[in-house]
Amino acid sequence: MTEQVISVSGPVPVQQMGITDAHNHLWIENLDVPANNAPVLDRMDLISQELAAYRKAGGGAQLDCQPGGAGRNGNQLFQLSQMTGVPIVGCTGFHLQRYYPANAEIWTYSSDQALDYFLSEINQGLLETRHSDPIVFPGFIKIAARETLADSPLHLLEAAVEASKESSLLIEMHTEKGSDIMRIVDQLAAWGLALDRLVICHIDKRPDVGLHQDLAKAGCLLEYDTFFRPKYDPDQNVWKLLRQMVGDGFSGSICLATDLAESALWEAYGGNPGLAGFPGTVGQQIAAEFKDESITARLMGGNISERLAGTIQEN
């Protein structure tokens, strides 16, 4: 592993990633899927405008968590990065089944077929970009657990673990508000995943500080993203959780994000807070809360960038 992150435009040194939103969705094709009101983000003009505003506000990189078959378009991600100067890190892997058309092949795959698919994208490029110039490569693996380990697609989870072991790529795992997380993490570890290669997404929706500290001690990186979600009461939950975790010495085990999949949360689409809210509102409050430049830098991008590159500092 090198001290570089694989972006859609090629390798980026960790030191050049800057403020990095650790979980977002920047392009989602309009598909016929079972999910009600499935998000769609397919306006190049508006998305590029939003990314430009993000960069102007001090933002650096973005992680795009939309996998193949569920609305990803690596060619568009490359164009967006080129147009705006924002490094974008794309992914292979899989999402929840409700975000796929009924005939999506991944749900017919065996574990071996899924592993072959993930590794082919890692080694040969994202499928939709293989006849493009350039071919775009993923920088991490996205997976999605369901409410329980038993309800999750175990063969796909195991295939993703094997792909991570063979490639050293980081895994970002969607969770249903952190439900059944210890069983899920234990199973990933039993398959041989080094837990410092795992990011647990949306875990701040389960603001149990003891649980978070146990996961951090095991090596996991915890992704918090409810800053702009009033229904999760961020003042009483994510901000309180952050204060406790940082105060207890776990600043190296947390990454921050916004997960703005819905267009109603984008300023360019007429909503708010917009992508610029991450370096703006969130970044400013982090700096004011902790008054430590090194902690701010780690939370606002350093931790996720180091994990993507496979270089991890101690807490």
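The values are calculated or read from the model by the stated rules, or taken from the named source; none is laboratory data. In this text, all values refer to a predicted model and were calculated from it rather than measured experimentally. Positions of Cβ are backbone-derived with ideal geometry, glycine not excepted, and every protein chain shown enters the neighbour counts. What goes into the accessible areas is simple: the full protein's heavy atoms, side chains included, and nothing from ligands, DNA or RNA. Shrake-Rupley method; radii C 1.70, N 1.55, O 1.52, S 1.80 Å.
Structure notes:
- Charge sum, other residues only, whose C-beta stays under 15 Å from TYR232's C-beta, Lys/Arg counted +1 and Asp/Glu -1: -3
- Of the cross-linked pairs LYS177/LYS240; LYS165/LYS205; LYS165/LYS231, those separated by over 26 Å at the C-alpha level are LYS165/LYS205; LYS165/LYS231.
- Efficiency of FRET between ALA150 and GLN285 - r from beta-carbon atoms, R0 35 angstrom, step 0.05: 0.35
- Only protein atoms count toward the accessible area here, which uses a 1.4 Å probe; on the chain, the carbon and sulfur part of that area reaches 45 percent.
- Gyration tensor verdict on region 1-137 (Cα atoms; rounded if a/c is under 1.5, prolate if a/b is larger than b/c, oblate otherwise): oblate
- Sparsely packed GluC sites (Glu not before Pro) within region 207-274, loop by DSSP, other Cβ within 10 Å at most 16: GLU262
- Residues whose amide H lies under 5 Å from that of ILE28, counting only those 5 or more places away or on a different chain, are LEU41, ASP42; hydrogens are built 1.01 Å from N in the peptide plane.
- For GLU172, distant residues with modelled amide H under 5 Å away: ILE141, LYS142, ILE143, VAL199
- Note on region 162-229: percent of Cα-Cα distances in each 5 Å bin, starting at 0 and stopping at the bin with the largest distance, equals 4, 17, 30, 26, 14, 7, 3, 0.
- Judged by the mean number of other Cβ atoms found within 10 Å, the most tightly packed of the peptides 57-67, 7-17 leads the ranking 57-67, 7-17.
- Residues with amide H under 5 Å from that of ALA22, placed H, sequence gap 5 or more: LEU256, ALA257, THR258
- Value at 222 nm in deg cm²/dmol, rounded to 500, when DSSP H runs of n ≥ 4 in the chain each add -39,500 (n - 2.57): -9500 deg cm²/dmol
- Computed with a 1.4 Å probe over protein heavy atoms only, the accessible surface of the chain comes to 40 Å² per residue.
- Here the alpha carbons of the chain define both size measures, Rg and Dmax, at 17.8, 51 Å.
- Counting only DSSP beta bridges with both residues in the chain, the antiparallel share comes to about 20 percent.
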